[in-house]
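Here is the structure we will look at, set down as C-alpha cells.
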Amino acid sequence: MTVTDPTFWRATCAALPGATRDIKWGDVEVWSVGGKMFSLHGLTRGRIAFKVDAARFLELTDLPGIEPAPYLARHHWVALDHAGVLDNETLAALLTNAYRLVRAKLPARQRNGLPEFPREDQ
C-alpha cells in the first residue's frame, strides 16, 4: 500500500512559517522554505519523502517501510513506503525537523526575511 492520502502531511507542511508549495517534474508536490525543498509527495506513486538529520538517517532507514529516498539519499532524505509506517505525531515531528534543517542552512538575510519560528531549544 502506498501513501495515497497526503492530507495530514500537506496540513503539517502548510502550517510551517514561510513554507511554499509547488508542483515539480510534472507529478511531485514539493514543500520548500526559502526556495529549498524539505519534503515532497509523488502524486503518481503516492510516496512521501523528507530530509532528516544525518544522525537519524540510518536509524530511520532500518525501520520497515522507510528507505533512502531515490536521488536524495546522499543528502539524508528518507521515503515512506506506506501510510502505516509512522504515526501522525512522529511524522509531524520529522517534517518540522526537515523544515528546521533546511531553514537553518539558508543565508542569514533570507532566513531573517522569513516569518518567526521558534528555535528548537526554546
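None of R109, R119 is modelled with pLDDT under 95, assigned to a loop (DSSP other than H, G, I, E, B) and among the charged types (D, E, K, R) except R119. From the list F38, F8, the lone residue that is of a type outside the set (K, R), surrounded by fewer than 17 Cβ atoms within 10 Å (Cβ to Cβ), touching a residue at least 60 places away in the same chain (Cβ under 8 Å) and within 16 Å of L94 (Cα to Cα) is F8.
Residue check: is G18 out of contact with any His (no Cβ under 6 Å at 6 or more places or on another chain), under 24 Å from F117 (Cα atoms), surrounded by 15 or more Cβ atoms within 10 Å (Cβ to Cβ) and not polar (S, T, N, Q)? It is true that G18 is out of contact with any His (no Cβ under 6 Å at 6 or more places or on another chain), under 24 Å from F117 (Cα atoms), surrounded by 15 or more Cβ atoms within 10 Å (Cβ to Cβ) and not polar (S, T, N, Q). Does any residue in the range 99-111 that is closer than 9 Å to G34 by Cβ come within less than 6 Å, Cβ to Cβ, of a residue that is exposed (fewer than 15 other Cβ atoms within 10 Å of the Cβ) six or more places away or on a different chain, and which pairs are these? Close Cβ pairs (under 6 Å, with a partner that is exposed (fewer than 15 other Cβ atoms within 10 Å of the Cβ)) amount to V102/K36. For the range 70-82, a residue qualifies if it is more than 27 Å from Q110 (Cα to Cα) and modelled with pLDDT of 95 or more, and exactly one does: A79. Taking the range 42-65 as the range and being among the hydrophobic types (A, V, I, L, M, F, W, C) and within 18 Å of F8 (Cα to Cα) as the test, the residues that pass are L43, I48, A49, F50.
A count restricted to the range 76-92 and to residues that are surrounded by fewer than 13 Cβ atoms within 10 Å (Cβ to Cβ) and assigned to a helix (DSSP H, G or I) stands at 4.
The values are calculated or read from the model by the stated rules, or taken from the named source; none is laboratory data. Nothing here was measured: the structure is a model prediction, and the numbers come from that model. Reconstructed Cβ throughout: ideal geometry from the backbone, glycine too, with neighbour counts over all protein chains shown.
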